[in-house]
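The values are calculated or read from the model by the stated rules, or taken from the named source; none is laboratory data. It should be emphasised that the depicted structure is a prediction, and the values quoted were computed from it without experimental measurement. Note that we place each Cβ from the backbone using ideal geometry, even for glycine, and neighbour counts take in every protein chain shown. Side chains are part of the model used for accessible areas, which takes the heavy atoms of the whole protein and leaves out ligands, DNA and RNA. Shrake-Rupley method; radii C 1.70, N 1.55, O 1.52, S 1.80 Å.
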Amino acid sequence: MTDRGHASAVAHVTGEALFVHDQAQRDGNALYGWPVQAAHAHARVLHIDEGPALALPGVRAVLTAADVPGTNWIGPARHDEALFPDEVQYHGQPVCWVLADDEATARAGAAAVRIDCEVLPALRSLDAAIAAGSFHTAPQAIAAGDVAAALAAAPHRFAGELRLPAQEHFYLETQAAYVRPDGEGGYHVLAATQHPAETQATVAHVLGLPAHRVTVEVVRIGGGFGGKESQASGVAAVAAVGCARTGRPVAIRLDRQRDATITGKRHPFLAKWRAGAGPDGRLVAFDVELCGDGGSSLDLSKAILARALFHVDGAYAVPALRVVGRVARTNLPSNTAFRGFGAPQAAAVAEEVQDHVARALGLPPETVRERNLYRPGDRTHYGQPVRDAERIGRIWRELLASSRFAERRAAIAAWNGAHAHHKRGIAITPVKFGIGFTTTFLNQAGAHVLVYRDGSVLGRHGGTEMGQGLHTKILAVAARTLGVPESGVRIVSTRTDQVPNTSATAASSGSDLNGAAVAAAARELRQRLLPHAAALLGCAPEAVEFAAGSALGAGRAVPFAAVVEAAFLARTSLAATGFHATPGLHFDAAAGRGEPFGYFVFGAAVSEVEVDGCTGQHRLLAVDVLHDVGDSLAPAIDRGQIEGGFVQGVGWLTCEEVRFGPAGELLTRNASTYKLPGIGECPAGFRVATLERATEPGAVFGSKAVGEPPFLLALSVREALRDAVAAFRGPGPVALDCPATPEAVYWAIHGRPDAEPPAD
Amino acid sequence: MTNRQRTTILVNGTRYEREVEPRLSLADFLRHELHLGGTHVGCEHGICGVCTVLIDGRSARSCLTLAVQADGAEITTVEGLRDAETGQLHPIQQAFIDAHGLQCGFCTPGFLMTTLELLRDNPQPSDDEIREALGGNLCRCTGYQSIVESVRLAASRLRG
């Protein structure tokens, strides 16, 4: 629909785009905050000696719990995180914060603060937490069919265990907030948050103020990926406490190491599964236990686990499926939202099982996967019909053909036969991703659209722009609804004093929800303009059309601005609010039944890899993607989301490895020790296509959500690596650790040594 | 702080003379002293490439360069790309817009500066050469495909 560049593209290429920290530096009168971090994973704080810090010139304050006017407890679902803790819950947790005239001084001040602690026993791993019975939540379960009976009756039975790893968000702009007093007893918070309303509520609670005294504004975010959904609020709250204490503007920008050690990551999961299949590889039973590592506080872990339970089927129908999940509590940074929100971990288990069953039965994995795909008429394990399930099969067949899968499979077999130390592998995996917040009430959005007398249009909505192109899409929606050119519309910053009580820009829902809200507001304005256009054109209101900046009717055209002026002179309101609530969603968590999703997004990817058997080094040779975006609102932006999501998934599955040391300290604190996908990890041949004839009737202009689902396409790379490992090993299932780093691939080929190496 | 050193740096054609704390990075000098906010910092230890600027025509990490090391040098930042007189965007900037070579924009200035050096040294790079040249810049949003296309487009436009 629109093929314009990103709405902020000019600002970005000229360096004029303002991020939070840029604004603070431009204003030039802020104090800067720096955290004093705990050196233990679990400890009681006995004493904080602020003296040495306060003695440094330029240090203005050391913020502690005593400075909090309201509540010291924050957290998105359960208020179980102390902003200034008297009991440290993870290594690196901020205990107090130093404010100084500049960042370097604040940092020096933080290093000078002395904290006395009583060290307490800590749970430093998921296994330790499970063994100790340490959990944030009671078990949640969803079941369909009689799994025990189906397993018992299955001709073939399999079992396994899989560990899914953490992932660092590594948004390039680190967490940042800038709080200014408004001079009237209120505060203006400029923040890099995906959830302005929650940041507003958090700041208000911490300051002990009603929400209307706190305005949160988001101009743009330098990458979020879920990492700024809940965890941006704490940084803003600390800055607000500092602002309340000193009366000065306060800016906080975590540097990379602080950001990595303080904030949570993608949830690691432990999955234990049993499956039953027929001789053709069709699954008849699937029984899974999932345990996610929530870290030190609950954060969003319960909802993340729920999405994992909803997606453990992958894109596959299983008549008897039972999944039970739980969130463990460890003394590690609190894990949080990350693109896919539990679904990638669950879908990885689904693919693990498909591949295991296929190789155990001596069948090609792509054949077994195809046999198990959802078909029209199928329902998920939570009872939701898989509407448009025929798209899965259509995508599968079209992609097999367009990627010349069979031909390449044969070529790879021949190539592998000719190469002893290098092997290639290929795999195709499907995606089915449910769209909507699984917490039903979050599926709402508001917007505000204004028309000025010159015909120019300004829109605001509840979503945040973090690079995903949301404002660009919304701009197109507003322009199309009002029939004006895109150059006539501007979408401006997200503000809680303009659009209240918004949901996070998360769950891939930004354009679905906010686009519908903006469209509603724009339709309302169009309705109000219609009689004035009709009067100018001399036709009936029903005969008027707005297009390309004009009102058309009775064979004539008048400029949009002229209609607006006529409406204004007739004293017509030219400001409208719009609201959207996704209809039809419901889920009964106790019963594990309902329709939590508005629709599903489908896709599939084929990946081909080459593995060096001597080192485990691997290369991604080629990728073919066919993905369902409905009728795209902005094809270039959707392509960017597909490619970017895919590569981020490749990172999670093949090179990004989060490691903690024996004290519970994060070892992989920066890009030097945490390997992110660079351009070298991306395939030279990366072919992305979107599904034709894919209108989504319920969504804005027939488009579908695009943020998270493509992340799951990267599972094809993991499965292709497994295929290459199998070429070294021969028939039978292949155990491959995740992430499939060169080291993990090496051990998958050669087998881990049974004994520990001798001590020297 | 003590021990400040007089430092003279030419940035985007303008000469700046400042008393500089010896440990101040060039990135912080540009951002804090000169208020040139287009040069971002991402990892602050030389990996991500977000802070890339040109020092005497060569790409360099401004987070790993001290401001005092740049004494007497000529620096080009993203703010110096567009035509100073007409304000017209540099073809590389326009190409990143037209070929959708950015999302959140935080890494963009670094990619632009790396590309500027690449296309000056090699006006007709192959895809492999583009990928090699950009190998030291990280982008967490795009998956890089559109960035390679942007560089390709810029190269073809610069050749005319």
- Query: Which value, in Å² rounded to 10, gives the accessible area of residue A:171 with a 1.4 Å probe and all protein chains present?
  - Reply: 0
- Checking rank on A:382-391, A:334-343, with mean other Cβ inside 10 Å and highest first, the result is A:334-343, A:382-391
- Task: Measure off 7 Å from each Cα along the Cα-to-Cβ vector at residue B:122 and residue A:659, then give the distance between these two points in nanometres to one decimal.
- Result: 3.3
- Kindly report, to the nearest 10 Å², the accessible surface of residue A:539 as traced by a 1.4 Å probe over protein heavy atoms only. 30
- Task: Please state the charge dipole magnitude for the protein assembly as shown, taken about the Cα centre, from unit charges on C-beta atoms (+1 on K and R, -1 on D and E), reported in debye and rounded to the nearest 20.
- Result: 1340
- At 0.36 nm per residue, minus the direct Cα-Cα distance, what do residue A:56 and residue A:379 gain on full extension? Give it in nm, one decimal, please. 109.7 nm
- Give, in nm to one decimal, the length gained when the segment between residue A:419 and residue A:387 is fully stretched (0.36 nm per residue of separation minus the Cα-Cα distance). 7.0 nm
- When every protein chain stays in place and a 1.4 Å probe is rolled, B:41, A:323 sorted by accessible area with the largest first are B:41, A:323
- Task: Using label points projected 7 Å from each Cα along Cα→Cβ, tell me how many nm separate residue B:71 and residue A:568, to one decimal.
- Result: 5.9
- Note: A:670-682 gets an average of partner chain Cβ contacts (10 Å, Cβ to Cβ) equal to 6
- Item | Virtual spin-label span in nm between residue A:119 and residue A:397, 7 Å along Cα→Cβ | 6.4
- Cα-derived Rg to Rh of segment A:186-310, Kirkwood definition: 1.17
- Of A:473, A:302, which has the most accessible area with a 1.4 Å probe, and how do the rest follow in descending order? A:302, A:473
- Angle between the Cα long axis of helix B:145-159 and the longest principal axis of chain B, 0 to 90 degrees, nearest 10? 90
- Roughly speaking, what is the centre-to-centre gap between segment A:1-77 and segment A:715-745 when only Cα atoms are used, to the nearest Å? 43
- Message: Run the numbers for residue A:404 and residue A:556: contour at 0.36 nm per residue of separation, minus the present Cα-Cα distance, in nm.
- Response: 49.4 nm
- Straight-line reach from residue A:228: which lysines have a Cα under 20 Å away, not including same-chain ones fewer than 8 places off? A:265, A:302
- Enumerate the lysines that residue A:704 could reach by cross-link, defined here as Cα to Cα under 16 Å, with residues fewer than 8 away along the same chain left out. A:432, A:473
- Is it possible to state the helix-based mean residue ellipticity at 222 nm for chain A, with each DSSP H run of 4+ residues giving -39500 (n - 2.57), the sum divided by total residues, to the nearest 500 deg cm²/dmol? What is it? -9500 deg cm²/dmol
- Considering only protein heavy atoms, what is the solvent-accessible area of residue A:86 at a probe of 1.4 Å, reported in Å² to the nearest 10? 110
- If you rank B:149, A:608 by how much accessible surface each has, with a 1.4 Å probe, what is the order from largest down? B:149, A:608
- Under a Cβ-Cβ cut-off of 14 Å, what is the net charge of the residues other than residue A:509 that fall near it, where Lys and Arg count +1 and Asp and Glu count -1? 0
